[in-house]
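This is the structure I want to talk about, given as structure tokens.
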Amino acid sequence: MVTEAGAPAGVSPPLLDGMAIATSGLTKRFKGGQVAVDGVDLAVPRGSVFGFLGPNGSGKTTTIRMLLGLVAPSAGAWSLLGEPMPAGLRSALPRVGALVEGPAFYPYLSGKANLLRYDAADPAADRRTTRSRIAEALDRVGLSAAARKRYRAYSLGMRQRLAIAAALLSPRELLVLDEPTNGLDPQGTREVRGLIKEIAAGDTTVFVSSHLLTEVEQMCTHLGVMRAGRLVAQGPIAGLRAGGGALLRVETPEPAAAAAVLTAAGLAGVQAEGEVVTAEPGDLAPERACALLVHGGVAVRGFALVRPSLEELFVGLTGEGFDVES
Amino acid sequence: MSSPDVLNDGRGDVRQDLDDDVRREGGEVLREGGDVRRDLDDDVPSGGGDVLNDGRGDVRRNLDDDDRSGGRDVRRDPRRDPGMRLLASEVGLTFRRPRNLAMLGVLAVVPVLIGVAVRLASGDSGATLIAQVAGNGLVLTFAAFAVMLPLVLPLAVSVVAGDSIAGEAAQGTLRYLLVAPAGRTRLLALKYANVVIFSLAACTVVAVAALAAGLVLFPVGSVTLLSGTTVAPAEALLRAGLVVLYAAAGMAALGAVALAVSTLTEAPIGAVATSVVLVVVSQVLSAIPQLSAVRPYLLTSWWTSFDGVLRSPIATEELGHGLLAFAAYTAVFGSLAWARFSAKDITA
């Protein structure tokens with residue numbers, strides 16, 4: 001299961017200290033040779049809200065299944081809450097709440113009876129506090145009134161919320177939520193997001209996967225981006241934004257003259273399009289560029305340093321667009 | 001859960017070690033860490049227990065010094081829960097599920113139907129078990145097993161055992177049980193324990209229903225055994241109890257086969273159907289005289305050996321062979337189920 005040789009060349013080993021999740025060269029090759037996850041090195045700091053972003057089919061769910069011990073990696077190593085896996089699964093998993101690929105419950109049992117069932121499966125759960133913990137979890141997701149209703153009669157949103165309640169049954173150090181807002185109406189989506197923010201306000205680390213950029217952007221402090229089984233970027237959101245490379249944007253009725261001045265100043269990537277000229281500022285301070293333009297007699301109507309939006313950044317990284325929520 | 005100090009203390013040290021290792025040995029750290037962790041695992045829960053129960057610990061030390069350490073392991077370390085809670089949950093789920101209740105209902109109705117049929121067709125007197133029922137209601141219990149052991153009881157057990165893993169997988173609940181974490185070996189063992197309990201319950205239902213129907217429909221008296229001797233009603237009841245236990249053992253062996261099949265698929269109907277087909281094929285094989293050499297190796301041929309209980313003295317050798325065959329089937333298919341389930345990728 002875990003490779004003997006350790007991390008592949010060029011990949012630094014995961015630093016367990018302060019990491020809720022760390023993986024090194026995590027790979028899953030399914031029978032038939034299809035590589036679903038290819039050498040992923042995740043580093044999810046404790047206390048972060050980590051958005052795991054990628055188009056459908058990019059390997060997010062398979063990665064999550066490997067993290068939770070449901071699927072054995074073909075290669076690579078991983079740790080949860082500082083414990084090397086899979087040896088530490090039994091001691092780490094009671095401290096991890098998870099929502100994997102949608103809710104799954106016993107349709108003929110009530111919401112409450114379903115939670116009782118999952119609580120019974122956790123050998124670390126204290127049976128003396130079961131009732132109060134279940135009542136609290138149901139209350140937290142707003143399902144107290146429907147506790148005695150059969151799961152079969154639950155709406156999609158209620159099912160999703162019950163799954164989150166199951167993840168919150170015990171005090172958790174890490175929550176792994178796979179597409180928690182999938183299939184929810186806008187109202188349900190808002191509720192779930194609010195809940196995640198509330199959970200994250202405590203000490204719990206939240207690892208949330210999504211194919212919706214806007215969702216991740218609203219909730220998360222850190223981001224990891226998957227593309228075709230590979231992790232193409234990860235880090236704090238602010239850092240990723242700054243790394244995107246800003247552009248000078250000049251609005252002028254004399255684009256040719258402006259482009260000439262900027263080129264003469266040694267700027268790269270000068271492009272004129274209609275009345276807008278853009279260029280990469282490089283080492284040149286923007287105010288200096290502006291002064292050069294004015295001294296050069298160019299009429300400047302607008303001058304700005306623009307950073308690409310996260311979306312532009314990720315379209316570049318993943319090669320495809322994200323569904324933007326309406 | 002509520003001993004953060006102790007947990008953190010322990011972890012802090014280990015992390016330090018791990019951290020050092022990271023710098024020194026790079027890639028091998030995760031494996032190395034496994035050892036360190038294992039040590040920690042042993043240490044933390046008992047240490048946590050001390051802190052948690054300090055107050056109570058003192059009281060108990062005064063009360064009974066010897067029992068203290070033993071009591072602590074069971075009561076204070078939740079991680080060593082052998083699974084009674086999950087087993088109770090399994091059994092509760094099995095006996096609350098409408099489908100299973102309906103099956104138990106059918107198992108109770110069949111002996112009654114046999115009794116009613118015999119009553120309506122009275123006047124027929126033969127030497128078979130069923131014919132004897134008209135003269136003695138107690139015999140209905142044995143007749144019911146003779147009729148139901150070849151197919152009806154195996155069908156019911158196949159449904160519960162075949163569904164046990166595949167049904168959870170198809171429903172998606174398997175992944176949440178494993179993430180809880182139920183533990184794969186532990187979950188499989190508890191699932192099998194549940195199958196054994198269901199087998200015993202199914203056989204008991206048949207016996208009780210047959211006994212009740214027999215008492216209502218027919219006169220009751222001493223029972224003439226297959227070997228010709230006659231025993232008192234009380235002893236006949238005792239022997240009926242032995243039949244229940246033997247039949248339940250045979251059904252539990254089938255349960256192990258169905259459980260193994262259940263780990264191979266995510267389609268519960270497929271697992272149930274496969275188990276039933278295996279039973280039928282086995283019955284067909286044992287019915288072909290030219291294949292009599294394979295009979296002793298077939299699970300099904302030992303089920304009907306329950307009539308060894310109806311001889312005087314009881315045919316212990318025959319029954320012993322049967323129990324041995326059941327144990328062998330349980331061991332082989334239990335191992336297969338474990339080997340498969342402990343390495344299976346849960347993708348449903």
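The values are calculated or read from the model by the stated rules, or taken from the named source; none is laboratory data. What you see is a predicted model, and the numbers here were worked out from it, not measured in a lab. Note that each Cβ is placed from the backbone with ideal geometry, even for glycine, and that neighbours are counted across all protein chains shown. All accessible areas refer to the heavy atoms of the entire protein, side chains included, with ligands and DNA or RNA removed. Shrake-Rupley method; radii C 1.70, N 1.55, O 1.52, S 1.80 Å.
Taking 2.2 N^0.38 Å as the expected size of a compact globular protein, what ratio does the Cα radius of gyration of the range A:143-182 give against it, to two decimals?
It is 1.24.
Chains A and B: buried accessible surface, both sides, probe 1.4 Å, rounded to 100 Å²?
Approximately 4700 Å², summed over both chains.
Oh, and also: Determine the calculated [θ] at 222 nm for chain A from helices alone, applying -39500 (n - 2.57) to every DSSP H run no shorter than 4 residues and normalising by the residue count; nearest 500 deg cm²/dmol. Intermediate results must be reported in sequence, preceding the final value.
Values: 11 runs with 104 residues, N = 326.
Mean residue ellipticity, 222 nm, calculated: -9000 deg cm²/dmol.
For the pairs A:LYS149/A:LYS197; A:LYS60/B:LYS344; A:LYS28/B:LYS191, note any where the Cα-Cα span goes beyond 24 Å.
A:LYS149/A:LYS197; A:LYS28/B:LYS191, as the Cα separations exceed 24 Å there.
Further, regarding this structure: Under a point-charge model restricted to the Cβ atoms of Lys and Arg (+1) and Asp and Glu (-1), what is the dipole moment magnitude of chain A relative to its Cα centre, in debye to the nearest 20?
Its charge dipole is roughly 1800 debye.
Continuing with the same structure: Give, ordered by residue number, each residue of the range A:65-90 whose 1.4 Å probe accessible area is reduced by a minimum of 50 Å² on adding the remaining protein chains to the chain alone.
Residues of the range A:65-90 that lose at least 50 Å² of accessible area once the other chains are added: A:ARG65, A:LEU70, A:PRO84, A:ARG90.
Turning to a different aspect of this structure: Please work out the ratio of the alpha-carbon Rg of the range B:226-336 to 2.2 N^0.38 Å and round it to two decimals. Kindly include the intermediate steps, with their values, before the conclusion.
Values: Rg = 16.0 Å, N = 111, 2.2 N^0.38 = 13.2 Å.
Taking the Cα Rg and dividing by 2.2 N^0.38 Å, one obtains 1.22.
Assuming 0.36 nm per residue, please report the length gained on full extension of the stretch A:LEU247 to A:ASP139 beyond their Cα-Cα distance. Present the calculation step by step, with values, prior to reporting the outcome.
Working: separation 108, 0.36 × 108 = 38.88 nm, distance 4.91 nm.
Stretched fully, the A:LEU247-A:ASP139 segment lengthens by 34.0 nm.
Using only alpha carbon pairs under 8 Å that are at least six residues apart, calculate the relative contact order of the range B:79-342 and give it in whole percent.
It rounds to 25 percent for the range B:79-342.
Using square roots of five times the C-alpha gyration tensor eigenvalues, list the equivalent-ellipsoid semi-axes of the range B:290-343 in whole Å, biggest first.
The three semi-axes for the range B:290-343 are 28, 14, 7 Å.
Once the cut-off is 25 Å, how many percent of the Cα-Cα pairs in the range B:79-342 end up in the long-distance tail?
47 percent
Across chain A, how large is the tail of the calculated P(r) beyond 30 Å, expressed as a percent of all Cα pairs?
Details: 24361 of 52975 pairs.
When all Cα pairs of chain A are counted, 46 percent exceed 30 Å.
I'd like the orientation of helix A:130-140 relative to chain A: the angle between its Cα long axis and the longest Cα principal axis, in ° from 0 to 90, rounded to 10.
Result, in degrees: 30.
Apply the Karplus curve 6.51 cos²θ - 1.76 cosθ + 1.60, θ = phi - 60°, to the phi angles in the range A:88-104 and return the couplings in whole Hz, x for Gly and Pro.
Each residue's phi maps through the Karplus curve to give x, 3, 5, 8, 8, 4, x, 9, 10, x, 9, 10, 10, 6, x, x, 8 Hz.
So, in nm, how far is label A:VAL306 from label B:THR304 when the simple model puts each one 7 Å beyond its Cα toward the Cβ?
According to this spin-label approximation, the distance is 8.7 nm.
Which whole-number value in Å² is the accessible area per residue of chain A, probe 1.4 Å?
41 Å²
Once the piece of chain linking B:THR185 and B:ALA234 is laid out straight, how much longer is it, given 0.36 nm per residue of separation minus the C-alpha distance between them?
Net length gain for the segment: 13.4 nm.
Moving on. Put a dot 7 Å past each Cα toward the Cβ at A:HIS295 and B:GLN283; how far apart are the dots in nm?
10.1 nm
How far apart, in nm, are the 7 Å Cα→Cβ label points at B:THR347 and B:ILE269?
In this crude label model, B:THR347 to B:ILE269 measures out at 2.2 nm.
While we're here: At q = 0.17, 0.21 Å⁻¹, what log₁₀ I(q)/I(0) does a Debye calculation on the Cα points of the range A:209-313 give, no solvent, two decimals?
For the range A:209-313 at q = 0.17, 0.21 Å⁻¹, log10 I(q)/I(0) is -0.77, -0.96.
Please work out the FRET efficiency for the pair B:ALA117 and B:ALA293, using the Cβ-Cβ distance as r and a Förster radius of 35 Å; give the result to the nearest 0.05. Intermediate results must be reported in sequence, preceding the final value.
Details: r = 37 Å, r/R0 = 1.05.
With a Förster radius of 35 Å, E is 0.45.
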